[in-house]
Amino acid sequence: MQVKKYLLKCLHRLQKGPGYTYKELLVWYCDNTNTHGPKRIICEGPKKQAMWLLLTLLFASLVLWQWGVFIQTYLSWEVSVSLSVGFKAMDFPAVTICNASPFRYSKVKHLLKDLDELMEAVLERIVASEPSHANDSVALNFAIWNHTPLVLIDEQNPGHPVVLDLFADSHNDNSSAPGRICNAPGCKVAMRLCSLNGTVCTFRNFSSVTQAVTEWYTVQATNVFSQVPTEELAAMGYAGEQLILACLFGAEPCSHRNFTSLFHPDYGNCYTFNWGVTEKALPSANPGVEFGLKLILDIGQEDYVPFLTSTAGARLLLHEQRSYPFVKDEGIYAMSGTETSIGVLVDKLERKGEPYSNCTVNGSDVPVHNLYSDQNTTYSIQACIRSCFQDHMIQNCSCGHYLYPLPQGARRCNDKDFPDWVYCYSELRGSLEQRESCIEMCKESCNDTQYKMTISMADWPSEASEDWIFHVLSQERDQSTNITVSRKGVVKLNIYFQEFNYRTIEESAAYNVVWLLSNLGGQFGFWMGGSVLCLIEFAEIIIDFVWITIIKLVAFGKGLRQKRAQARYSGPPPTVAELVEAHTNFTFQPDTGDHGPEPRAYADGQILPIPGTPPPNYDSLRLRPLDIIESDSDGDAI
């Protein structure tokens with residue numbers, strides 16, 4: 001009932017019109033506000049009124065300008081970085097070790113037989129001063145060569161370079177000049193990449209023959225290994241008991257059984273200590289070498305794949321628990337015949353999330369499916385970028401690359417099923433648009449741990465002790481009295497915390513809400529002597545201005561409707577006698593006949609309205625309850 005009365009009062013106010021004008025409202029505000037300046041505008045003389053009006057407008061403009069600067073600075077979402085140092089016992093990092101050679105040559109020789117013979121012939125053609133036919137008796141598999149051949153480009157005449165095919169005289173190929181050797185400085189080795197049955201080709205140039213033949217062999221070996229199941233490839237790599245000869249963590253002995261096996265396409269079988277995927281992370285009791293991880297490895301350099309691996313040593317990486325080890329991009333080498341000591345310092349990074357930075361907590365808000373999550377690993381930007389590239393590879397080339405995890409339902413790229421995959425892969429890898437799209441979609445992790453390493457090396461074992469050390473290691477591994485371990489194969493590693501001090505690099509908001517409000521209030525108080533109550537007063541007058549405007553608009557609309565209703569009849573209104581006379585039937589004729597004289601009309605031709613008698617108000621004769629009569633009288637009084 002109270003709401004109804006309030007609405008009726010509002011309707012009455014709208015019909016009646018505003019009770020005061022804009023000028024009266026403005027004078028009232030200037031006379032009652034707590035802000036300095038407006039009072040002087042109405043209390044002083046004409047000259048001082050103008051002066052105070054200008055000063056008030058000037059200072060109000062300065063306040064608004066300063067407010068805009070502070071709000072824009074706050075919305076820039078800048079961060080400040082703080083560095084703090086802590087001291088506590090920490091979990092030992094996960095350590096992943098791999099052999100530089102992904103496979104044992106004795107295990108994969110049968111798969112690479114044709115490729116190795118072709119590689120030897122390529123090197124003979126490139127190195128020889130004139131064409132040689134020493135390998136003509138060997139039946140080379142040119143089916144491998146025809147997909148992605150190496151060519152020589154003679155650029156002695158830059159305007160007309162000549163493409164020389166190394167084996168044009170050995171098989172049917174008319175796309176290049178006859179096979180001849182080019183040893184001039186203007187000759188370069190390039191890889192020819194073609195698609196659409198050789199109708200579209202491009203050349204990938206190299207500045208060194210070593211780089212060219214290594215890249216070419218890697219591409220061809222990738223094509224071979226992609227057709228072999230992963231389980232068979234793992235069986236061709238280095239087993240844990242062959243790679244890890246000795247292990248000691250603090251005072252506790254360990255072995256290859258304390259490592260988690262992981263197949264890496266670039267390095268074959270890799271082994272991770274303290275990964276934390278299925279077991280609890282191991283803490284480090286104290287800093288120093290005696291409380292770290294000590295390993296002795298045998299990389300078996302004599303069984304390396306000769307054309308696939310040109311580096312000898314062990315590849316290792318220190319990383320967080322449950323994070324995937326990207327050994328190729330983030331790892332370091334440990335040289336054979338040396339003892340490598342690695343002192344570790346810990347940096348913890350804590351980034352602010354949205355809207356301060358584009359980071360993610362667990363990768364759930366990243367629009368890229370993490371292909372490495374199948375191994376129960378956490379999110380990282382490296383995993384996201386590689387998963388994104390594999391997605392683009394499948395979309396553009398219809399197959400997945402051997403070096404990256406394969407999503408469900410996709411197939412590995414190989415020359416047999418996808419003849420154009422090398423050309424497509426090369427174009428995609430060199431595409432700037434592809435890299436930018438993946439970087440834009442992938443996000444940094446909000447919390448990250450980095451391990452800073454201090455590395456030192458020394459020859460190991462020494463000449464005085466190598467005999468007995470190699471005898472003992474050979475006896476432990478092969479149960480043989482003969483020495484089966486050599487300086488070329490052994491690697492000793494010491495990994496430990498230098499100290500238990502860890503640094504925390506934390507981002508915090510450079511400008512928070514407290515900073516914003518204090519600066520806004522300070523500027524408002526300094527230039528105009530105002531406060532929050534003054535802002536409320538200003539908001540009040542704005543609401544009053546809006547209410548007066550609404551009332552005036554309603555009154556204007558009501559008057560406009562009345563004018564339109566009066567404009568329908570241009571002449572004066574008819575009298576009662578004229579209305580009766582116009583509709584009287586003097587001859588009492590039927591309505592279908594002539595009605596006599598036509599009814600009079602207005603000047604503009606409009607017909608006079610037919611008079612009628614209104615129906616009686618029967619409700620006025622009824623007895624009504626007293627409470628209803630009182631409620632109606634209350635409504636009329638509003």
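What do you reckon, is Tyr425 under 25 Å from Thr377 (Cα atoms) and either open to solvent by 20 Å² or more (accessible area, probe 1.4 Å) or not assigned by the TED database to the domain that holds Cys194 (or both)? Reasoning before the result, please.
Working: under 25 Å from Thr377 (Cα atoms): no; either open to solvent by 20 Å² or more (accessible area, probe 1.4 Å) or not assigned by the TED database to the domain that holds Cys194 (or both): yes.
The answer is no for Tyr425.
Within the stretch 75-102, the residues that satisfy the criterion of being among the hydrophobic types (A, V, I, L, M, F, W, C), out of contact with any Asp or Glu (no Cβ under 9 Å at 6 or more places or on another chain) and within 26 Å of Tyr271 (Cα to Cα) are Ala89, Met90, Phe92, Val95, Ile97, Ala100.
When the residues of the stretch 487-529 are filtered to those that are crowded, with 17+ Cβ neighbours inside 10 Å and hydroxyl-bearing (Ser, Thr, Tyr), the one that is nearest to Leu345 (Cα to Cα) is Tyr502. Would you point out the residue of the stretch 35-73, among those that are outside any helix (DSSP H, G or I) and surrounded by 13 or more Cβ atoms within 10 Å (Cβ to Cβ), that is farthest from the chain's Cα centre (by Cα)? Here the residue is Glu44. Quick check on my filter: what residues within the stretch 484-516 are in contact with a Phe, Trp or Tyr (Cβ under 6 Å, 6 or more places away or on another chain) and either part of a strand (DSSP E or B) or without any contact (Cβ under 8 Å) to a residue 12 or more places away in the chain (or both)? Listed by number, the residues that qualify are Lys492, Phe500, Asn501. Contact map, the stretch 550-563: residues that are in contact (Cβ under 8 Å) with a residue 24 or more places away in the chain paired with residues that are surrounded by 11 or more Cβ atoms within 10 Å (Cβ to Cβ) and not in a helix (DSSP H, G or I), Cβ distance under 9 Å, separation 6+ or inter-chain. Pairs shown: Ile551/Gly17; Ile551/Pro18; Lys552/Gly17; Lys552/Pro18; Val554/Gly17; Ala555/Gly17; Ala555/Pro18.
One line per residue, one yes/no per condition, for (1) at pLDDT 70 or above; (2) in a strand (DSSP E or B); (3) open to solvent by less than 20 Å² (accessible area, probe 1.4 Å):
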{"position": "Pro131", "(1), (2), (3)": "no, no, no"}
{"position": "Asn135", "(1), (2), (3)": "no, no, no"}
{"position": "Val138", "(1), (2), (3)": "no, no, no"}
{"position": "Ala143", "(1), (2), (3)": "yes, no, no"}
{"position": "Ser175", "(1), (2), (3)": "no, no, no"}
{"position": "Asn197", "(1), (2), (3)": "yes, no, no"}
{"position": "Arg204", "(1), (2), (3)": "yes, yes, no"}
{"position": "Ala212", "(1), (2), (3)": "yes, no, yes"}
{"position": "Glu232", "(1), (2), (3)": "yes, no, no"}
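I need the strands (runs of 3 or more DSSP E) fully contained in the stretch 269-338, keeping only those with at least 2 residues that are open to solvent by less than 20 Å² (accessible area, probe 1.4 Å) and of a type in the set (A, V, I, L, M, F, W, C). Please lay out each step first, then the result.
Values: elements: 293-298, 314-319, 332-334.
Strands (runs of 3 or more DSSP E) meeting the threshold: 293-298, 314-319.
The values are calculated or read from the model by the stated rules, or taken from the named source; none is laboratory data. Everything numeric in this text was worked out from a predicted model, so none of it was measured. Please note: Cβ atoms are built from the backbone with ideal geometry, for glycine as well, and neighbour counts cover all protein chains shown. In case anyone asks, the SASA skips ligands and DNA or RNA and just uses the protein heavy atoms, side chains included. Shrake-Rupley method; radii C 1.70, N 1.55, O 1.52, S 1.80 Å.
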